[in-house]
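Notes follow the structure.
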Amino acid sequence: MTALPSDQSVLAESRAVELDRVDPLEGFRDLFHIPRAGDILSAMGKPYLGNPSDPCVYLCGNSLGLMPRATREAVIQELDDWARLGVEGHFHAKHPWYPAHEFVREPAARLVGALPHEVVAMNSLTVNLHLMMATFYRPTSERHAIVIEDSAFPSDSYAVQSQAALHGFDPADAIIRLRPRDGEHALRTDDILEALDRHGRRVALVLLGGVNYLTGQVMDFARITAHARVLGIPIGWDLAHAVGNVPLALHDWGADFACWCSYKYLNSGAGAVAGCFVHERHAANTAPLHHPGAIKRLAGWWGNDPATRFRMTSDFVPVASADAWSLSNPPVLALAPVRVSLELFDRATMPALRRKSERLTAYLQDLIDAIPAAARALRVLTPREPAARGCQLSLAVLDRPRELHAALTASGVVCDFREPNVIRVAPVPLYNTFHDCWRFASILSTHLAASSTAVSSRPNVQ
Ligand SMILES: Cc1ncc(COP(=O)(O)O)c(C=O)c1O
């Protein structure tokens, strides 16, 4: 069912095989479980016409990353230590539980470009956004607006609206939504800066997705952060689609805060423990809660300085780090997969991953461009410039998008669908291959060719 050229052209299958052969990160794929197409379709109660043991074409790391092989053992180790040691596991487990969040601190800091004491692993993403807004959204009657992208992820939209409402403001008035120009899909940085200038005096917070979940656009972190800071507006980044995908330098950019999840590109399992960054200019504020210079935050015992935590007094003594925002003792079973995953990032390194990612995504784009029926059937919403995108390509499907997604699924492709008509595909440099991209394009090409034949032979029923 190959509809792409099978000759020696750059788009030939042999080209993909050769690109994989010279890929310096090639060995990392073997460190992951790659689901089998037959298993996925059988779980969905659907037939798979290929060989059931074929690996699926997994292009869905933007939604849920694959499981590293080492994760099972790491979780079982925690269970065994619990069985063997009970409460003594806090200090005598293989990875002691009391400082469980410490094991992921430095690797997480490396990934987001932060100082170690600026990051903390805790909670989940939307919870952390709220905790950050409890501190950084301090509205007044004159200045209470929050700027977000119009296509912000719904959870972020709900979070900012509820924060505005919590403070007594009408969300319809308080939320400023940034929209691309007519006919464009990506936001222009100049337009974002101009909007901040125009609304400046009203704006109490900017909260943007670092990589937009729908279009895959990477924001110009440095310019937008610098501009917000010149205007005196606190700025936070939702890095759900950015962390582990594109290089980040939160400390140098000077962002006030950032939050991310660990189940997408960080491969730590559904609902995994999330991460949070607070710039040290805030994290260093250890004034007691009642002090006039104290930073406003919600407090719990895990945010208390560990040196005094077990004195069990009623006075909160914030630790001089992002940990001051953590509330509860760390979830050790859930942190084990994060630890395993971040070790893989340390081994692969973000610069090497980014180099491969740029090549993989460009290759996928070239393949899609070369499909004869694609020009009529699809629009790629993601910017073409490598600096303005990570590994995700978002394809707006012009005719019967759900049917195309179902056909891809039935052929062993795992990618996702976002209303109303967007299919997102993300070749992830840690475990995807050039051959995965080639297989995807080959399957896509076959289905587009079949559906354009079906359309042209359909009676005109206008
Ligand atoms: C950009 C973005 N923000 C927020 C969320 C919500 O994440 P959580 O359910 O972990 O709070 C997601 C989930 O996919 C997301 O993509």
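The values are calculated or read from the model by the stated rules, or taken from the named source; none is laboratory data. Keep in mind that what you see is a predicted model, and the values were worked out from it rather than measured. Reconstructed Cβ throughout: ideal geometry from the backbone, glycine too, with neighbour counts over all protein chains shown. In case anyone asks, the SASA skips ligands and DNA or RNA and just uses the protein heavy atoms, side chains included. Shrake-Rupley method; radii C 1.70, N 1.55, O 1.52, S 1.80 Å.
Ranking request for peptides 284-294, 437-447: highest mean number of other beta-carbon atoms within 10 Å first, then the rest in descending order.
437-447, 284-294
Cα extents of region 221-316 along the three principal axes, largest first, in whole Å?
If we take the Cα atoms of region 221-316, the spans are 43, 39, 17 Å.
Over region 75-344, what is the percentage of antiparallel beta bridges among all DSSP beta bridges, to the nearest 5?
Once the DSSP bridges in region 75-344 are tallied, antiparallel ones form about 40 percent.
In square nanometres and to one decimal, what's the mean projected area of the convex hull around the Cα atoms of region 75-344?
The Cα convex hull of region 75-344, projected and averaged over all directions, gives 14.8 nm².
Provide the packing ranking of 336-348, 142-154, i.e. peptides ordered by the mean count of other C-beta atoms within 10 Å per residue, highest first.
Values: 336-348: 21.2, 142-154: 18.8.
Those peptides, ordered most packed to least, come out 336-348, 142-154.
Under a plain spin-label model, where a point goes 7 Å from the Cα along Cα-to-Cβ, how far apart in nm are L231 and R179?
1.9
Taking a ≥ b ≥ c as the square roots of the Cα gyration tensor eigenvalues, with a/c under 1.5 meaning rounded and otherwise prolate when a/b beats b/c, else oblate, which class fits region 244-290?
Working: a/c = 4.75, a/b = 1.65, b/c = 2.88.
Taking the square roots of the gyration eigenvalues as a ≥ b ≥ c, region 244-290 is oblate.
Could you give each residue of region 164-173 its phi-based ³J(HN,Hα) in whole Hz, using Karplus coefficients 6.51, -1.76, 1.60 with θ = phi - 60°, and x for Gly or Pro?
4, 5, 4, 8, x, 9, 7, x, 4, 8
How many angstrom lie between the Cα centre of region 233-278 and the Cα centre of region 11-50?
So the two Cα centres are separated by 28 Å.
One quarter of the convex hull surface, Cα atoms only: what value does that give for region 1-138 in nm²? Mind showing how you got there, number by number?
On the way: hull surface 59.4 nm².
Hull-based average projected area comes out at 14.8 nm².
Using DSSP, restrict attention to beta bridges with both residues in the chain and report what percent are antiparallel, rounded to the nearest 5.
Rounded to the nearest five, the antiparallel share is 55 percent.
State log₁₀ I(q)/I(0) for region 320-462 at q = 0.09, 0.12, 0.16 Å⁻¹ as given by the Debye formula over alpha-carbon point scatterers of equal weight, solvent excluded.
-0.40, -0.62, -0.91
Which of rounded, prolate, oblate describes region 403-453, given a ≥ b ≥ c as roots of the alpha-carbon gyration tensor eigenvalues and a/c under 1.5 marking rounded, otherwise prolate only if a/b is larger than b/c? Write down the numbers at each step before the final one.
Working: a/c = 2.37, a/b = 1.33, b/c = 1.78.
The shape class here is oblate.
Where q = 0.16, 0.28, 0.30 Å⁻¹, what log10 of I(q)/I(0) comes from the Debye formula for region 198-247, counting one point per Cα?
-0.47, -1.05, -1.12
Relative contact order for the chain: what percent, with Cα pairs under 8 Å and sequence separation of 6 or more?
22
If each of D39 and S155 carries a label point 7 Å out from its Cα toward its Cβ, how far apart are those two points in nm?
Here the answer is 2.5 nm between the modelled labels.
List, largest first, the extents of the alpha carbons of the chain along their principal axes, each in whole Å.
Between the extreme Cα coordinates on each principal axis of the chain lie 75, 60, 38 Å.
Per q in 0.16, 0.26 1/Å, what log10 I(q)/I(0) does a Debye calculation on the alpha-carbon atoms of region 38-90 return?
-0.70, -1.01
Kindly sort K94, K356, K296 by accessible area of their heavy atoms, largest first, with the probe set to 1.4 Å.
Final ranking, largest accessible area leading: K94, K296, K356.
On a C-alpha basis, how far is the centre of region 142-170 from the centre of region 86-126 in Å? Whole number, if you could?
Using only Cα atoms, the two centres lie 30 Å from each other.
L289 label point, 7 Å along Cα→Cβ, cut-off 12 Å on backbone N: hits in region 310-341?
314-318
Hey, can you grab everything whose amide H is under 5 Å from the amide H of N123? Only 5+ residues off in sequence or another chain; H modelled, so Pro and N-termini drop out.
For N123, the qualifying residues are A274.
Carbon and sulfur atoms: what percent of the 1.4 Å accessible area of the chain do they account for?
After summing per-atom areas, the C and S share lands at 57 percent.
Between the alpha-carbon centers of region 393-440 and region 330-382, tell me the distance in whole angstrom.
Their Cα centres are 13 Å away from one another.
Can you give the accessible area per residue of region 123-234, in Å², using a 1.4 Å probe?
Here the per-residue accessible area is 43 Å².
If each of K94 and D369 carries a label point 7 Å out from its Cα toward its Cβ, how far apart are those two points in nm?
For the pair K94/D369, the computed spacing is 4.8 nm.
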